[in-house]
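The values are calculated or read from the model by the stated rules, or taken from the named source; none is laboratory data. Values in this document were obtained by computation on a predicted structure and should not be read as measured data. No Cβ is skipped: glycine too gets one built from the backbone with ideal geometry, and neighbour counts run over all protein chains shown. Heads up: the accessible areas ignore ligands, DNA and RNA and are worked out on the full protein's heavy atoms, side chains in. Shrake-Rupley method; radii C 1.70, N 1.55, O 1.52, S 1.80 Å.
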Amino acid sequence: MRRLRILLLAMALGAAMPVLPALAHHGWAWTEEELFELTGTVKSVFVGNPHATLDLEVEGVVWRVELAPPGPTVASGFTEETVKPGDEVVALGNRSLDPNEKRMKAVRVTVGGKAYDIYPTRVPAN
Amino acid sequence: METLLGSIEQLALIKALKTSFFAYPVVNALHILAVGGLVTSVILMDLRVIGVIRSIDEQSLMRLLRRVALGGFGLAVLTGALMFAVRATDYAGMPLFWIKLGLIGVAGLNFLAFSLLRAEGMRRILAGVSIVLWPTVLLVGRFLGFVL
Ligand code: HEM
């Protein structure tokens with residue numbers, strides 16, 4: 001009887017877990033292996049905790065470009081003052097495995113010919 | 001609303017937290033500590049009410065754990081609000097954030113009902129609801145960081 005109760009409780013807990021899509025944006029497990037380049041104009045920029053992000057507009061579609069936490073992002077030279085809305089930016093990195101998701105994680109961001117290596121060890125030829 | 005959220009983000013304390021190397025992870029860790037204490041004590045109290053735990057008398061267990069749970073909840077709200085403030089506009093635009101707050105609200109009402117009702121059968125049912133709701137809030141909270 002007691003075991004049964006515990007079992008029922010465990011089952012209730014399992015059933016309560018909402019079936020959420022696998023949206024794992026920490027690390028690189030959610031991205032494609034190969035590098036991907038995206039050119040767009042800045043919609044908004046956030047350099048802060050828990051991680052920095054850049055929203056780029058590409059042919060009318062807004063992409064979310066993830067950078068690193070603020071420490072490494074600022075260490076690369078990239079700050080919130082580096083870009084302003086309307087600037088053209090080239091983001092090199094890995095895009096989401098889900099082709100419908102307009103999201104990538106950048107290893108390098110290039111603004112007006114200047115490159116910011118957000119994840120230096122992941123930039124080829126570095 | 002937009003301007004209110006925007007001005008929260010501009011507060012000196014929040015701007016410092018935004019780019020801090022130490023403070024933000026500490027606030028984040030305190031949120032996790034608070035949530036851990038809250039959810040653990042809630043589960044233990046619920047199991048006692050349901051009757052799975054019998055080795056401790058209900059009164060002593062409840063007296064101790066209710067304090068831990070309330071303290072944990074208070075700290076979770078405080079630290080959660082600080083993290084929210086760093087990116088207020090973005091969190092406010094996320095349905096998942098409102099789902100989390102909504103679930104906290106439902107769990108709070110459930111607690112209120114539990115405190116008011118005396119019938120044993122009813123108390124057990126509400127404890128059963130609680131033991132499902134709080135861990136669900138935890139799960140949704142963890143997912144927030146992956147969707148932002
Ligand atoms: C008013 C109350 C609360 C607010 C405003 C709040 C807000 C937040 C925010 C803004 C985050 C950061 C998300 C991110 O990483 O981007 C967070 C994380 C989290 N919250 Fe809350 N929260 C509250 C209460 C709670 C409660 C009661 C629970 C659990 C029962 C909870 C569980 C979590 C968890 C597990 C995380 C993930 C922590 C991590 O993995 O770093 N939160 N919360």
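Computed over Cα pairs, the Kirkwood radius of segment B:47-148 leads via Stokes-Einstein (1.002 mPa s, 20 °C) to a diffusion coefficient of 141 µm² per second. Considering only B:MET122, B:MET62, B:MET83, the Gaussian network model of chain B with Cα springs below 10 Å gives its largest mean-square fluctuation to B:MET122. Note on B:124-136: average number of Cβ atoms from other chains within 10 Å of each residue's Cβ is 2. Accessible-area loss of 30 Å² or more (1.4 Å probe, protein heavy atoms, chain alone versus all protein chains) is found in segment B:1-34 for B:LYS18, B:THR19, B:TYR24. For chain B, the solvent-accessible area works out to 53 Å² per residue, with a probe of 1.4 Å and every protein chain left in place. Taking only protein heavy atoms and a 1.4 Å probe, the accessible area of segment B:2-147 is 75% carbon and sulfur. Cross-link partners of A:LYS114 among aspartates and glutamates, defined as those whose alpha carbon lies under 19 angstrom from its own and excluding same-chain residues fewer than eight positions apart: A:GLU37, A:ASP55, A:GLU66, A:GLU80, A:GLU81, A:ASP87, A:GLU88.
Here's the list of lysines a cross-link from A:LYS43 could span, going by alpha-carbon distance under 16 Å and ignoring same-chain residues fewer than 8 apart: A:LYS84, A:LYS102.
Annotation for the B:A interface, with buried accessible surface near 2200 Å², both sides summed [1.4 Å probe; non-protein components not counted]. Computing FRET efficiency as 1/(1 + (r/R0)^6) for B:ARG67 and B:TRP98, where r is the C-beta to C-beta distance and R0 is 22 Å, gives about 0.15. A dipole drawn for chain B from +1 and -1 charges on Cβ atoms has a positive end, and of B:THR136, B:MET45, B:THR79 the residue lying farthest that way is B:MET45.
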